[in-house]
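Scroll down for the structure; my scribbles are underneath it.
Just so you know, all these numbers are worked out from the coordinates, no wet-lab data involved. The model shown is predicted, which means the values in this text are computed figures rather than measured ones. We place every Cβ from the backbone using ideal geometry, glycine too, and count neighbours over all the protein chains shown.
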Amino acid sequence: MDIAFTVTLPVDVDSVPFIRGLCRQALEHLRVERAVVEETTLALTEACANVVRHAGDHAGYEVSVAIDDTVCRITVIDDGSGFDRDEAAARSSLTAAGLDGDGGAGLRLMQALVDSLDFRRDPDGRHRVSLEKRLSRPALRLLDRG
């Protein structure tokens, strides 16, 4: 069974728990493993919180969620001012090295939680964050000692 939806949300803090809950309900309806649901919704929360934090005074942003038997694909699009990805990556590296006290943690968290993370600026100037999360964990392979 597949579930797909797109929602246009206002750029405000109340939109974040709303979309997180909607995504969570869809994943739970499909009986996705709890840990995968938690990781996916936390990554979505970070992506949406970044929009609320960095988009500026814009009317809305769009979240698309597509879930099939193997993967959850999430796209968050806004037309706000965004942030400089190179600057954010540099700040993230500085933070990881203990040289900078703020910024970058959300990006590192998203990267750790999902299987694929992509930031783009579309030709029309909109910012696009794409996340992909496999819905099953790879099985542990035991060494063949025979």
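Given axes a ≥ b ≥ c from the Cα gyration tensor, I'd like to know whether region 4-79 is rounded (a/c under 1.5), prolate (a/b larger than b/c) or oblate. Taking the square roots of the gyration eigenvalues as a ≥ b ≥ c, region 4-79 is prolate.
Assuming R0 = 30 Å, what is the FRET efficiency of Val13 and Arg134, from their Cβ-Cβ distance, to the nearest 0.05?
Details: r = 30 Å, r/R0 = 0.99.
The pair Val13/Arg134 has a calculated efficiency of 0.50.
Using R₀ = 35 Å, calculate the FRET efficiency as 1/(1 + (r/R₀)^6) where r is the Cβ-Cβ separation of Asp124 and Thr70; round to 0.05. Provide the component values of the computation, followed by the final result.
Values: r = 30 Å, r/R0 = 0.87.
Once rounded, the FRET efficiency stands at 0.70.
Taking 15 Å as the cut-off, the amide N atoms of region 32-61 that come nearer than this to a point 7 Å along the Cα-to-beta-carbon line of Phe5 belong to 41.
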